[in-house]
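Notes follow once the structure below has been shown.
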Amino acid sequence: MEQRHLGRTGLRVSRIGLGTLTWGRSAGGPDESGAAEQLKTFWEAGGTLVDTADVYGGGEAEYLLGQLLGGVVPRRDLVIATKSGSVRDPDRRFDGSRGHLLAALDDSLARLGTDYVDLWHVHGFDPATPLEETLQVLDLAVASGRARYAGVSNFSGWQLAKAATWQLAAPGARTRLASTQMEYSLLQRGVEREVLPAALDLGVGLLPSSPLGRGVLTGKYRDGTPVDSRAASETLAAFVDPYLDEAPSRIVDAVVTAAQGLAVTPLQVALAWVRDRPGVVAPIVGARTAAQLGAALSVEALSLPEEICQALDDVSAPLHRYPDQDWSTL
């Protein structure tokens, strides 16, 4: 699998990443055996970037991954990325304080059974904590060797620009932001308004999550809801529902038409489209089984023709008006 540099850093990662959001029985996903099969399939295809978080499965995803490191796949062959800062508090989604983040990172390292993570993300912007305090934690983590590179996740355009600029203001003393992880797909192109322009300008690599539109872009919901799908799950149905109305269905139809014309699958078309967008480093793909993961990894050999890309761009184009649009065209 092709390797790409993560932002303007020396870190190289596979251009498809393996996601672990649903790993663990508490998340309704694969157990240790199923996770091992996925990880081995990914590694044998040349994949290196494995994404997790301290809240995935209540910590079970990190624990499962830790059990597999060394035994199933050599630790040195993987780029392990995890996230900290998300909290289960009805009054506060994210905690970016120094105390919480450092404790959370130590807990993640213990579950993963490793002395360091290759990439550590702050899971979200915390308006209750000064941004410079949150960013200082990234510097401490890298300086102490607990993280090799650092980034952010779920930051809006201005938040990302402020954070990346702050880190660049003291080169050598502060850790450059390597990446930002955001949802991005043909069904969710909101990052193109401000996040992606900021990332491109500041040298921050984009790692798209849910690149298959939460599974909808595979076309499996066109004729109903499969019983083994996320939309049929009590815990994940609300996650999929926003993409099952009329507007997304037109985009899915276009993806299916493109796939038929190219003699490939809708999954391959949707994944190749986002993988090759400007600024994108590696879409993060989650799967229920190793077979599903293998189907996603088969996209490596596919590059979409320019006319197909343009048609998909047109049918899925988000509405950009003032002040995002170039003033000269208003």
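The values are calculated or read from the model by the stated rules, or taken from the named source; none is laboratory data. Since the structure is predicted, the reported quantities are computational estimates derived from the model, not experimental observations. Reconstructed Cβ throughout: ideal geometry from the backbone, glycine too, with neighbour counts over all protein chains shown. Calculation scope for accessible area: heavy atoms of the full protein, side chains included, ligands and nucleic acids excluded. Shrake-Rupley method; radii C 1.70, N 1.55, O 1.52, S 1.80 Å.
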Inset, instruction - Output ³J(HN,Hα) for the stretch 170-181: one whole-Hz value per residue in order, computed from phi by the Karplus curve 6.51 cos²θ - 1.76 cosθ + 1.60 with θ = phi - 60°, and x for Gly and Pro. - result: 10, x, x, 9, 10, 7, 4, 6, 7, 7, 9, 10
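Using the Cα atoms of the chain to build a convex hull, what is its mean projected area in square nanometres? Mind showing how you got there, number by number?
Details: hull surface 67.9 nm².
Mean projected area of the Cα convex hull: 17.0 nm².
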Legend entry - Unit Cα scatterers, Debye sum, the stretch 243-330: log10 I(q)/I(0) for q = 0.16, 0.18, 0.23 Å⁻¹: -0.75, -0.91, -1.24
Legend entry - Qualifying GluC sites (Glu not before Pro) for the stretch 1-91 [loop in DSSP, other Cβ within 10 Å: at most 15]: GLU2
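Counting heavy atoms of the protein chains only and a 1.4 Å probe, report the per residue accessible area for the stretch 76-201 as a whole number of Å². Intermediate results must be reported in sequence, preceding the final value.
Working: 5340 Å² over 126 residues.
Heavy-atom SASA per residue in the stretch 76-201 reads 42 Å².
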Inset, instruction - Give a residue-ordered list of calculated ³J(HN,Hα) values for the stretch 141-155 (Karplus: 6.51 cos²θ - 1.76 cosθ + 1.60, θ = phi - 60°; whole Hz; x for Gly, Pro). - result: 5, 6, 4, 7, x, 6, 9, 8, 9, 9, x, 10, 9, 6, 8
Legend entry - Positive-end extreme of charge dipole, the stretch 1-74 - chosen from THR41, ALA53, THR9 (charges on Cβ): THR9
Inset, instruction - Mind ranking 173-180, 297-304 by how tightly packed they are, going by the mean number of other C-beta atoms within 10 angstrom, highest first? - result: 173-180, 297-304
Inset, instruction - Write down the percent of antiparallel bridges among all DSSP beta bridges whose residues are both part of the chain, to the nearest 5. - result: 20 percent
Inset, instruction - Whole Å is fine, so just give me how far the alpha carbon centre of the stretch 76-114 lies from that of the stretch 187-216. - result: 22 Å
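Can you tell me, using C-alpha contacts under 8 Å and at least 6 residues apart, the relative contact order of the stretch 144-266 as a whole percent? Before the final figure, lay out the partial values.
Numbers: 146 pairs, mean separation 25.2, N = 123.
20 percent.
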Inset, instruction - Place the peptides 244-254, 260-270 in order of packing, highest mean first, counting for every residue the other Cβ atoms within 10 Å and averaging per peptide. - result: 260-270, 244-254
Inset, instruction - Report in % the part of the accessible area of the chain that belongs to carbon and sulfur, leaving out ligands and nucleic acids; probe 1.4 Å. - result: 51 percent
